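> The structure is given below, and queries will be raised subsequently.
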Amino acid sequence: MSLQHFSHQHPLVFIESQCHEIEKVYCFGCGELVSGSSFGCVECGFYLHKQCAEAPAEMNHPFHRNHNLNLLTRNPYWGGCICDFCGKTCENFVYHCSCKLDFHIKCALFSHSIAEKRNAEFQDIPRIDPSINTGNVTEELKKAECFACWQPLLYSVYFSPNSGFYLHAKCVDLPAEINRHFHQEHPLFLQFNSQRLSCKICKEPQRRGFVYCCSLCKFALHIQCATIPTKINQPFHREHPVLLQAVDECLPCQICQETTNLNDVVYFCSICKFVLHIRCVSSPPIIEDKLDHEHPFTLFPRQFFTFLLLLYLFLYYCSKLIIKLD
Ligand SMILES: [Zn+2]
Ligand SMILES: [Zn+2]
Ligand SMILES: [Zn+2]
Ligand SMILES: [Zn+2]
Ligand SMILES: [Zn+2]
Ligand SMILES: [Zn+2]
Ligand SMILES: [Zn+2]
Ligand SMILES: [Zn+2]
């Protein structure tokens, strides 16, 4: 069995895994030691892992709907090249898109499996629950962030780092597409953030990883920002629904009194023009794995609790006073 690969002038022959046990050889595609079966040109000492040799020259990636990725034999830039999935430098072959998106072969293939929901490919990777496994947590693991959402890895159940990837189990199961009423025109697709868009809710940029976005309108949401409740029950405003939406007016927030910016995504009642900043509504409950939760959550502003506390203290002192007067 032989293969003509675009990266080498001679045909590459198939080599069984045991042939590499005598001398150590490295793969020209990924730079790692060749352990399993491979394709090689023995005269030139040129080897590729079977997976690296069979990686397609052009890839249609569901997480980058705008363009195809092309496999290049070396980094296309003058300076260094960083993988947009794992954040490490690409020294060998790179999957590249002209919109400055780059991936190691294994990172492009693995993220492609996630997108295609080929769960069999990560079913064998052990999952670790950080609330149970509190023992051998290294400093590196404490600092590690998930390649999909860029939240700390130890926030929820994650795949064993021996797989070479830092990923939450929930982040490989995200829906490919969501709809939000504050961007009614188009659905939002789970994509690599190639346009380096800032999140419309928290305004923070995110260099790598996935966002839910509409590339046409340059509208993006972080994965974690896409999960905040779309409707809230407000104790001060029970008459009408208070919905998460983009508001094309500048109005004062009813909690902090600061004026909102044009087209900010805020909690809003359109009938009364009642506005609340998302950040002013006391920390929203964490709703894991429920991207399309439509039921209202009751949220109380901090000032409401302060009011209750003061009322309690006032009544307490009044009762003391009444006892004394008696
Ligand atoms: Zn390789
Ligand atoms: Zn050769
Ligand atoms: Zn990578
Ligand atoms: Zn592109
Ligand atoms: Zn994650
Ligand atoms: Zn955000
Ligand atoms: Zn759009
Ligand atoms: Zn109202």
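> Say we look at the range 169-180 and pick out the residues that are outside any loop (DSSP other than H, G, I, E, B) and surrounded by 12 or more Cβ atoms within 10 Å (Cβ to Cβ); which of these is nearest to ligand 1 (Cβ to nearest atom)?
Residue satisfying both the conditions and the ranking: VAL172.
> Further, regarding this structure: Report whether or not PHE219 is at pLDDT below 90, away from ligand 3 (no atom under 16 Å from the Cβ) and farther than 20 Å from LYS117 by Cβ.
Criteria not met by PHE219.
> Out of the residues in the range 85-106 that are away from ligand 4 (no atom under 14 Å from the Cβ) and free of Cβ contacts under 8 Å to residues at least 40 places away in the same chain, which is surrounded by the most Cβ atoms within 10 Å (Cβ to Cβ)?
CYS90
> Among all residue pairs at least 6 apart or on different chains, which show Cβ distances below 7 Å where the first residue, located in the range 187-204, is farther than 21 Å from HIS112 by Cα and open to solvent by less than 60 Å² (accessible area, probe 1.4 Å) and the second is within 16 Å of ligand 8 (Cβ to nearest atom) and modelled with pLDDT of 90 or more?
none
> Next question. Of all strands (runs of 3 or more DSSP E) completely enclosed by the range 45-137, which ones contain at least 3 residues that are away from ligand 8 (no atom under 16 Å from the Cβ) and either closer than 23 Å to SER17 by Cα or in contact with a helix residue (DSSP H, G or I) (Cβ under 6 Å, 6 or more places away or on another chain) (or both)?
46-49
> Output the number of residues of the range 228-276 satisfying the condition of being open to solvent by 30 Å² or more (accessible area, probe 1.4 Å), within 24 Å of GLN184 (Cα to Cα) and touching a residue at least 60 places away in the same chain (Cβ under 8 Å).
So the count comes out to 5.
> I'm trying to understand the selection: among the residues of the range 55-81, which are touching a residue at least 40 places away in the same chain (Cβ under 8 Å), away from ligand 2 (no atom under 16 Å from the Cβ) and open to solvent by 40 Å² or more (accessible area, probe 1.4 Å)?
Result: ALA57, PRO62, ARG65, ASN66.
The values are calculated or read from the model by the stated rules, or taken from the named source; none is laboratory data. The structure displayed is predicted, hence computed values, not measured ones. Using ideal geometry, Cβ is built from the backbone for each residue, glycine included, and neighbour counts are taken over all protein chains shown. Ligands, DNA and RNA are stripped out before the accessible areas are found, and what is left, the full protein with its side chains, is counted by its heavy atoms. Shrake-Rupley method; radii C 1.70, N 1.55, O 1.52, S 1.80 Å.
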